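Each reported figure results from applying straightforward, stated rules to the coordinates on display, with no laboratory input. Here the structure is a predicted model, which means the values were calculated and not measured. Virtual Cβ from ideal backbone geometry, glycine too; neighbours counted across all protein chains shown.
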């Protein structure tokens, strides 16, 4: 293992794991935090308020990671309910632009409003900026596409939306953790934490720009969305938090213990270092496999019939998405481990 990247030693995978785009691996600190929490639960020594610190810490850590104030961050459990808040606020008959082949947690919540004549229009990812027009209310897109790792042109989209008065919802699920993004630039961002944020499935974040907060209805408001959650458990009147916490969903406690630990680990590595390392490892694999220089931590590859056996011989865990082999690279991977795999796949894979 290269001495210049010690962070890979914090993981315990028994395979050549190239599947973070499906499910991230927990570092040792996360494994230990969950072990301690489950032991406390089993011993009868944990109470619900004991989880508050982990949730507060996770919210603050994520805010640092994406460059926003914690007051603009809401916590939830999945991406699609957060997207649904935006979809419910789209005016009747308005146009929403999405990328062709976009992950359906981003598109289905808008398409569910067809009875209000909300027009959801699919556009090739590269053409999205020039397709934004005066009828566009929202652009909803992933910063990094799930199927193939393609990156959206965020600067061009941001400029196009500004020209036409459109808002932008950005899904960071396949980006946060390896690709630095300033979430404060966008009206709304959403992020599931179980991929490049290395967290248990069941935690997600929403960021809402302050000028957008009052335009979204807190459709899932419950006690945890209260200004003082522990004083918001019983009875009316409605007394929600004044900031983005009004969109909080009652947390899955143990998942947030893991999320807080994983985010603390990632911040310790650093955003720029995570980005540089993911691209370095992806480039090493691509060079060995005689593939073009990658610009993403996620690659989609067309394969021949020899590839399944080659992957098995190297004990690789990857994914099949949209008819292609999808490999993804993150903090636990090293140049030394992916280079032999790339060499073995040379001539058997090509860009998808």
Quick one: length gained pulling residue 32 to residue 215 fully straight, 0.36 nm per residue minus the C-alpha distance?
61.8 nm
Listed residues 53, 306, 252, most fluctuating in the chain (Gaussian network, C-alpha, under 10 Å):
306
FRET efficiency for residue 163 and residue 350, Cβ-Cβ distance as r, R0 = 30 Å, nearest 0.05?
0.20
Expected max-MSF residue from 113, 275, 330 in the GNM of the chain (alpha carbon, under 10 Å) is 113
Mind checking the alpha-carbon convex hull of segment 204-352 and giving the volume per residue in Å³?
175
Ratio of the Cα radius of gyration of segment 275-349 to 2.2 N^0.38 Å, where N counts its residues:
0.99
If the elastic network links every pair of Cα atoms under 10 Å, which of 206, 263, 154 fluctuates the most in the Gaussian network model of the chain?
154
The ratio Rg/Rh over the Cα atoms of the chain, Rh being the Kirkwood inverse mean 1/r radius, stands at 0.99
What 222 nm value per residue comes from the helices of the chain, counting each DSSP H run with n ≥ 4 as -39,500 (n - 2.57) and dividing by all residues, nearest 500 deg cm²/dmol?
-10500 deg cm²/dmol
Pop the C-beta distance of residue 201 and residue 250 into the FRET formula with R0 = 22 Å and round what comes out to the nearest 0.05.
0.85
Taking only C-alpha pairs under 8 Å that are 6+ residues apart, what is the relative contact order of the chain in percent?
24
Cut-off 19 Å (backbone N to label point 7 Å along Cα→Cβ of residue 267), residues of segment 66-106:
66-76
Given that compact globular proteins tend to follow 2.2 N^0.38 Å, what is the ratio of the alpha-carbon Rg of segment 190-243 to that value?
1.37
Once you have the Cα-Cα distance between residue 108 and residue 155, take 0.36 nm times their residue separation minus that, and quote the gain in nm to one decimal.
14.4 nm
Projected label distance in nm at residue 234 and residue 304, using a 7 Å step from Cα toward the beta-carbon:
7.2
Apply the a/c threshold of 1.5 to the C-alpha gyration tensor of segment 37-179 and tell me whether it is rounded, prolate or oblate.
prolate
Reduced to Cα centres, the span from segment 49-71 to segment 164-178 in Å works out to 19
Cα atoms only, segment 1-92: Rg and Dmax in Å?
18.0, 57
Between residue 312 and residue 122, what is the FRET efficiency for a Förster distance of 35 Å, r being their Cβ-Cβ separation, to the nearest 0.05?
0.45
Taking only the alpha carbons of segment 238-311, what extent do you get along each of the three principal axes, in Å, biggest first?
60, 29, 21
Run the numbers for residue 47 and residue 13: contour at 0.36 nm per residue of separation, minus the present Cα-Cα distance, in nm.
9.0 nm
At 7 Å along the Cα-to-beta-carbon direction for both residue 320 and residue 130, put a label point, then send me their distance in nm to one decimal.
3.6
